[in-house]
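Beneath this line is the structure, given in structure tokens, with notes to follow.
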Amino acid sequence: MNLSDLETYVPAKLYKRGLDYFERGYVEQLTEDAPNRWHAIVAGTQDYEVSINLKKDGTIVGSYCTCPFESDSLCKHEVAVCLAFGEYKAVNGVAAVDVMAQLKTLKKSELLEILEELVEQQPAVHHYLTEKLSDTGEMDEEKARQLIRISAYRAVRNGFIEWGRTGQALEGVEQVLEFLDGLDSQGDAEKIIRLSLVVIRECTGMLQIADDSSGEISSAIYESLEKVDEALAEWPGEVDEETVDRMLKLLYPYILFGLDQDMTDAPNDLVESILRWNEKGDFAGKFYDFIEKLIACKEMQNKTYHYTEERFRAYQLWVLQQQGEQETVDAFYAKFKHYPAIRRTQIWQALETVEFEKALQLCRESESLDANLAGLVHEWEQLRFKAYEGMGNTAEMIDLSFQFALEGEEEYYVKLKNLVNPEQWPNKLEALLAEMKNRPRSRPLYLGILIEEKRMEELLDYCRRDISTIEQLYPHLLADYPHEVNEIYTAYIYRQIDRASNRKAYWTACQKIKSFKNALGTQAASRLVEEIKFMYPKRPALLDELGKMKLE
């Protein structure tokens, strides 16, 4: 078969599809890997790699495609590449095909000129020659950056890195991380930090154009953040002001980049890691000012929410607390009390210093300030419980634990039971169950209490109101109420069948019959099956599924 007579030898349907792929521009990166051997990527629902071997006269002597198509004919992707090569040949002429032969005719100066152009225009060529000509296995920030970008560039299709190409995109990252694993965590601490920061930045940028549902790119970021954290924690020797200044200057642009991209928690993690050094010397002022500088940057101020800024204020507060000047800390509390994180820290400090009245007051203020945020209000109430606990105020603890139990929090139900006087417990339990009965949110705890307290009649009533629960609750009821369980379970299965409208739904209903058999026995299940057949004689799909069941 020759390129000129593809349409004669390829089935019409395949040729038409290949022509469509070619005309849509799906053939990408057409290159000559060796004399007369051409390679290309064909885009589609996924990308396929195609190789075509040709003679000089255009005869196809071999072809390969990574798609699953199996036939003696060319697949549509191979047809598309052959058509693309035909177009290339028409534009560039026959001589352009035999690249190696042409190169052999050129002078040294001409070859050097071509090589220089390739190095300038093709990052992959630049990287290959760098590796080829390098005598050492050393790596600096620029080399790491190039490695990462080249592999990412190769994986990009139409401006995007698809899920299946994430591994290819990360090949450079893996090389850098492998190199880092071979470094000494103390002797090479700064090098580890610098190269890890490159990985973090490049991978963060990669996230913008990649499907990272596998989490591989994010994992590389967090692995690198751990390396930075470990290197700073194990920093060799003393940490002086010059070292702190140098490291803050190094981290600053990477933190800004992370804030601007807003894809990961890397900015927070990097700040937390460098704050480790606050324990190595009197650097509180430097760190406080550094964080203030970050808060004031445009990348932070451009955010429409204040969560990150709140986190950074919390870091500043931690720095001040390390200094131990309570007046300064109190002034900070007063200035930034609009942040829940600052109030949370203040409340915990009051609890730890046994200032329970103060903690109580702060909790009430926070409940008022965050009245529209149910999650925060609940947190302040829980901290208020701790304040009452410290004060020994049993009455208030009972009121709060009762409220939390109503929301289905088992921990506070246990606390409530221990707090209430045994003589008063039955009345308190009755009141609790009466309110929980119609609260969907507290259902698991409500049922658990009924089982624990052996209130089986109420459990049975609950199953009558919601017959679907019989499937989980029958073990607790069967001994005392076998007939009622049979009745409710049967009603539940009939409801499943009544609502069914296709074979899959009938199959599901039959599975319920199998669980019914486990509860009430084979004989009862067989009677139920015969009853259902009698009740639904005009549902062939249901009868077929019932016939497949093996109850013995």
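The values are calculated or read from the model by the stated rules, or taken from the named source; none is laboratory data. Model, not experiment: these values are computed from the prediction. In this analysis, Cβ positions are derived from the backbone assuming ideal geometry, glycine residues included, and neighbour counts consider all displayed protein chains. For the accessible areas, the whole protein counts, side chains as well, though only heavy atoms, and no ligand, DNA or RNA atoms are used. Shrake-Rupley method; radii C 1.70, N 1.55, O 1.52, S 1.80 Å.
Starting from the Cα gyration tensor of the range 386-494, take the square roots of the eigenvalues, sort them a ≥ b ≥ c, and report rounded, prolate or oblate (rounded when a/c is under 1.5, otherwise prolate if a/b is larger than b/c, else oblate).
Prolate, because a/c is 1.5 or more and a/b exceeds b/c.
What order, most packed first, do the peptides 100-109, 278-287 have when packing is the mean number of other Cβ atoms within 10 Å of each residue?
So the order, starting with the most tightly packed, is 278-287, 100-109.
Using the alpha-carbon atoms, what tilt in degrees (0 to 90, nearest 10) does helix 522-535 show relative to the longest principal axis of the chain?
80
What's the angle, to the nearest 10 degrees (0 to 90), between helix 189-207's Cα axis and the longest principal axis of the chain?
90
Extending each Cα 7 Å along its Cβ direction at K504 and N438, get the distance between those two points in nm, one decimal.
3.7
With log10 I(q)/I(0) by the Debye sum over Cα atoms at q = 0.05, 0.08, 0.09, 0.13 Å⁻¹ as the read-out, I listed (i) -0.20, -0.51, -0.65, -1.27; (ii) -0.37, -0.75, -0.86, -1.38; (iii) -0.46, -0.95, -1.02, -1.19; which label goes with the value calculated from this structure?
Structure-derived value, by its label: (iii).
With a 1.4 Å probe and every protein chain kept in, tell me what percent of the accessible surface of the range 489-552 is carbon plus sulfur.
52
Could you tell me what fraction of 2.2 N^0.38 Å the Cα radius of gyration of the range 199-307 comes to, as a two-decimal ratio?
Working it through for the range 199-307, the quotient is 1.13.
With the cut-off at 30 Å, tell me which of the pairs K55/K107; K454/K548; K512/K538; K415/K437; K76/K143; K517/K538 have Cα atoms farther apart than that.
Listed pairs above 30 Å: K454/K548; K76/K143.
How many percent of the accessible area of the range 147-233 is carbon or sulfur, using a 1.4 Å probe?
44
Could you give the length gained by full extension between S73 and M535, i.e. 0.36 nm per residue of separation minus their alpha carbon distance, to one decimal place?
160.6 nm
Rolling a 1.4 angstrom probe over the protein heavy atoms, how many square angstrom per residue are accessible across the chain?
On a per-residue basis, 55 Å².
Which percent of the accessible area of the range 281-345 is formed by carbon and sulfur heavy atoms (probe 1.4 angstrom)?
The computed percentage sits at 51.
Let me spell out the model: positive unit charges on the Cβ of Lys and Arg, negative unit charges on the Cβ of Asp and Glu, origin at the Cα centre of the range 22-83. What dipole size does that give, in debye rounded to 20?
On the way: 5 positive and 10 negative charges, 31 e Å.
It comes to approximately 160 debye.
Starting from the 7 Å offset along Cα-to-Cβ, what nm value, one decimal, do you get for the label separation of M456 and T394?
Here the modelled spin labels are 3.5 nm apart.
If you bin every alpha carbon distance in the range 331-436 into 5 Å steps from zero, what whole percent lands in each bin?
2, 12, 21, 20, 17, 12, 8, 4, 2, 1
From the residues L400, L74, C510, which one has its Cα farthest along the dipole of the chain in the positive direction, the dipole being from +1 and -1 charges on Cβ of Lys/Arg and Asp/Glu about the Cα centre?
Towards the positive end, the residue furthest out is C510.
According to the square roots a ≥ b ≥ c of the eigenvalues of the Cα gyration tensor, what is the shape class of the range 253-303, taking rounded for a/c under 1.5, prolate for a/b larger than b/c otherwise, and oblate for the remainder?
On the way: a/c = 3.52, a/b = 1.69, b/c = 2.08.
Judged from the Cα gyration tensor, the range 253-303 comes out oblate (a/c at least 1.5, b/c at or above a/b).
Give, in nm to one decimal, the length gained when the segment between K548 and T31 is fully stretched (0.36 nm per residue of separation minus the Cα-Cα distance). Present the calculation step by step, with values, prior to reporting the outcome.
Working: separation 517, 0.36 × 517 = 186.12 nm, distance 5.84 nm.
Once the chain is fully extended between K548 and T31, it gains 180.3 nm.
Cα atoms only: what Rg and Dmax, in Å, come out for the range 413-552?
When restricted to Cα atoms, the range 413-552 yields Rg and Dmax of 18.9, 62 Å.
Over the chain, what is the mean sequence separation of C-alpha contacts under 8 Å (at least six apart), divided by residue count, expressed as relative contact order in percent?
5
Using a 1.4 angstrom probe on the protein heavy atoms only, could you order L275, L419 from most to least accessible area?
Sorted descending by solvent-accessible area, the residues read L419, L275.
What aspartates and glutamates does K13 reach when the alpha-carbon gap must be under 17 Å and sequence neighbours fewer than 8 apart in one chain are set aside?
Those aspartates and glutamates meeting the cut-off are D5, E23, E70, D72, E78.
For the range 165-228, count all C-alpha to C-alpha pairs, find those more than 16 Å apart, and express that count as a whole percent of the total.
Working: 781 of 2016 pairs.
Here the long-distance tail beyond 16 Å is 39 percent of all Cα pairs in the range 165-228.
Between M1 and D480, what is 0.36 nm times their sequence separation minus the Cα-Cα distance? Round to one decimal in nm.
Once the chain is fully extended between M1 and D480, it gains 164.2 nm.
Working from Cα positions, state the angle (0 to 90°, nearest 10) between the long axis of helix 425-436 and the longest principal axis of the chain.
The answer is roughly 50 degrees.
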